[in-house]
1. How would you classify the range 350-486 from its alpha-carbon gyration tensor, with a ≥ b ≥ c the square roots of the eigenvalues: rounded for a/c under 1.5, else prolate if a/b is greater than b/c, otherwise oblate?
2. Once amide H atoms are built 1.01 Å from N in the peptide plane, which residues 5 or more positions from residue 141, or in another chain, come under 5 Å H to H?
3. Of 94, 699, 372, whose Cα points farthest to the positive end of the dipole of the chain (charges on the beta-carbon: +1 Lys, Arg; -1 Asp, Glu; origin at the Cα centre)?
4. Which residues' amide hydrogens lie under 5 Å from the amide hydrogen of residue 178, considering only partners 5 or more residues apart or on another chain, with H built in the peptide plane?
5. Gain in length, residue 712 to residue 223, computed as 0.36 nm per residue apart minus the alpha-carbon separation, to one decimal in nm?
6. What is the fewest-to-most order of 428, 590 by other Cβ atoms lying within 10 Å of their Cβ?
7. Rounded to the nearest 20 debye, what is the charge dipole size of the range 635-703 about its Cα centre when +1 sits on each Lys and Arg Cβ and -1 on each Asp and Glu Cβ?
8. Would you mind calculating the gained length between residue 474 and residue 575 on full extension (0.36 nm times residue separation, minus the Cα-Cα distance), in nm to one decimal?
Amino acid sequence: MLHAAAGQALRSGHPNDMIKNAKKAVFGAIRVVALLLLTSTCVPAGGPNLVPPADGQTANYWCTWYAQNYWIGRGTDLKDLRGVSNQAAREELTEHAVFNEKDGWATTYLDGAREDFIFLIDHGWQTKDASKRIAGGPPFFNLVADEDDFPRYAGLSPQDALLQFNKEIKALGWNSLGIWTRGDVTPEQARTFVEWSKHAGIRYWKIDGGDIAQFNSFKAKQEIYPDLVLEYVTGAGGNLNPKWDQERSSYPSVYEIGGRLQAPMLRCLQHSDTFRTYDASPLLMSVTTLRRTHDILKQTQQQPKYRAILNVQDDCNIAIGLGVLVASKRHPNLNERTLLGRDLHHQLSGKRTMQRRINEVERLGRWSRIAPAFPAGEGVYLSSKEELIDRCEFTKWDTWASNTYGKIVHQSAPAIMSRNMPLPIVETDGDAPYVCATTYPNGPTGIATEGRVSPANQWYHPRAKVSVQIRDASQPIGIAGHYQQLKLGFAGSIEDVKHVWAQDLLAAESIDIKSQVSIQGATMTIDGNLIDELGTSEADRGDLSAPGLVIRLEGDSLPKAGDDFTPVTEPVTAAEPLDEQTQTLQDGFTGRAELKRCRYGYRVTATGPAQTMLKELDESITSGKLSVQWRMKPANRSATKNGMLVLSSDEDANAALCAGSWIGSNEITLFENHSQWGNDLKGSLDPDGELYCRIDVDLDSRTAELTINEKTISLAFSETVTSINYIGFGVHNSATLFTEPKITRQ
C-alpha cells in the first residue's frame, strides 16, 4: 500500500509538488493502516476511490483578499490600527506576493487542491494610471494589469497579459485565473472585457459591487462567452446582520422579505451565475452566513428564474450540507503580524483558528466533483422553526467594525436546514449544532453540522444524534462535521448490502466499514467517533478541520425512494413577525433623537450621546460616486453644539459614515459611526454662523471627502459600509438645524 500510494502521487501530481505529494501519500497511507488496525481486525483494503477526477468545471475559488490584508505590516508588532485599511491591502497584491517561491500565494497555498479551485486575484491588480485604461471603464473595472505591480506583463496588450497570467497560474496546478472588478461599465466596455477574457481563457469574474442596474456584463458574456462565470453582489448592509446589538429572538438579514436588499438580491439572482452572500465577521461567520442563505433560499426555491448559485464565502462544511459554492480566503499564516503582541487578522480571528483548517477547503473541492453546487431556484427548501442564537464580545483584534468593540454581538439562524429532502431530526441533551442536509440534483446527499459561539466559548462544536433520510441508497453520501451519532434512513432494507465503502475526502481509496456500523432493516447507524477517525485519516499534521468523508453502499437492488420523498412546500412570501424594539417614526425618519419639521428644514434634538435619525432611500446605492449637500447651524447655545450628516448601510447606523462638525469646538469631523463620538478624524474650522457642507463618497474606492466652509478632510473607510441605504442626521447632547440633504449621483 505504501509503495502504491507514493507511486500514484509521483505519477499524478504537478511536477513542483511530486515529492511533497509523495510524502503526504505515504504518511496518509500510514494513518490509514493505523486506523484499520484500530477499528477492525478483518477490514478489506484497497476499495474503490469514491472521488472522481476533477473535470475542470469548478466555480469554487480561493481569493487573495485576506492574505492581502494580513500582509499589511507583516513581520511587525503594530501599536495601533492606523494604516490597516482597504487602500493599504490593495497595495499588497503584487507579482512577488503571488509568485515568489518561498511564500507566494499561488506557489505555496492549497497545494493539495489547486485543480479544484480558481485562483482569484482581488482588489488592487488593475492599473492606477487612467491613461492606460485603453477600453475605458472605472478605476476598478478596466481589466488592465498594473505594470508596476506585475512587471512581467509590461508591454503586453491587456488581453495577452491576462492570457499569460492565466497560463502561469494554471502551470502551478490551479484550475484557472479569476479576476476581481467593481463598478459600472457601458455595454461596449462590457463586450470588450468579455472578449479579452475569452481570449485569455479567464473563467470567473468577481464583480464586487456595481453593474446591477442593467447587468451589461452578464448580457455581453451570455452572447460572447457563456462559459465565463459572473458573480454579482448587493452587499449585505455591513458584515453583520441588522439589530446585532439588541436582545431579540431572531436576527434576519437584509435579504429577508421586506429587507432593504431583498429586491436587489432577487434581481441579481436572475441575471447572474453566482451570488455571494457577502462578508461576515469571523467570530460569527457561520451563523451570519447561514441566516443570509436561509433568507434567500426560502424565497427563491422552486423557481428556475433564480438561476444563480449561492456562494457562502468560506463556510466549506456548510457548502457540503447546502449545495452551494465557496470563495475561500483562509490561509495558513498565523502570528506573523501582531497588535500589541497578539495576532491581528480581522478576517480570520478567533478561537476557531481558520488558519489551521485548510483541509476543510480541500475536502469541499473534492466533494464538488461528486456533487456540484446548484442554483438557488432549483428544488425545495425547508428550515426548522427553531433558531439558534450565537453571541460573543468583539474587540479590536476581531474586526475592522469599530462600532462593535466591547459589545456583545448577536446573530441567529435556523437550527436545521435542508434542500430537496425532509429535515433531519436532531436529538441532544445540551446545546445543538447547526445541521444542514441536501439531496443534490445528480443524486448524492450532503450532510453537515457546524459549531457554535457563546460569550464563554468563542468556538465549540456540540455533538448530537442526527437522523437523515436518504433518497437513493446507491448514491454517495458526504458527511462533514462532528456527531454523537448519525442515523441514515433508507427507503427499504439494506441488511443485504455487500459493502459500506468509506474514505476521507482527501484519500485516494476507500475501506469497507460494514463491520463498524450498525445495520437494522432500513437504518444504518454510524458512531460519531468513527466519523472523526475516518474523516480526518488523511489530515495534514496540526490541521484542525472538522471531519469530512464520503460513503457509498454496494449491493444488489439498493432501495430508492419515490417522488413522495421530496417534501411539498411553497416559496415563502411573508416574513415572520418579530419582537421589534420600536423607534419613533417622525416625518419618515426613525431613530432615538427627536426630529421636527421647521422653516429651516429639520430641528434634531439629542438628549443623550450619539443619537441618529435615519430615513430610507428610494433606491440603494451600492457602487459608484455620490455627493450630498446640506446646510446646518446650532439650534441652541449648548456648549456641545454639533451636527452630523449620516449615510448608512443599515437602519440603525451601525455601518455608517458620519460627516459634520463639532461646532462648539470649531472642528470639522468625518468618521465611521461608533458609540464614542469625539475621538475621530478632525480638522480646525471657522463655523462663522451657518455651515455649508458637502460630502463626496466613492463606494468603489471606499473613500469620502467632506468640505465645510471651504475646509476639507478625507477618510478611507472600511468594508463595513458596503452600500448607502439610509440618510439622516446625528446629534450629540445638543440640538441642531439641518436643511434637506440633496443627493447627486455621479
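1. Judged from the Cα gyration tensor, the range 350-486 comes out prolate (a/c at least 1.5, a/b above b/c).
2. 182
3. In the chain, that residue is 699.
4. Result for residue 178 returns 119, 120, 121.
5. The residue 712-residue 223 span can extend by a further 171.4 nm.
6. 428, 590
7. The dipole of the range 635-703 has a size of about 320 debye.
8. Stretched out fully, the residue 474 to residue 575 stretch lengthens by 32.5 nm.
Coordinate-derived values only; no laboratory data. Quantities reported herein were computed from a predicted structural model and do not represent experimental measurements. Quick reminder, even Gly has a Cβ in these numbers, built from the backbone with ideal geometry, and neighbours come from all protein chains shown.
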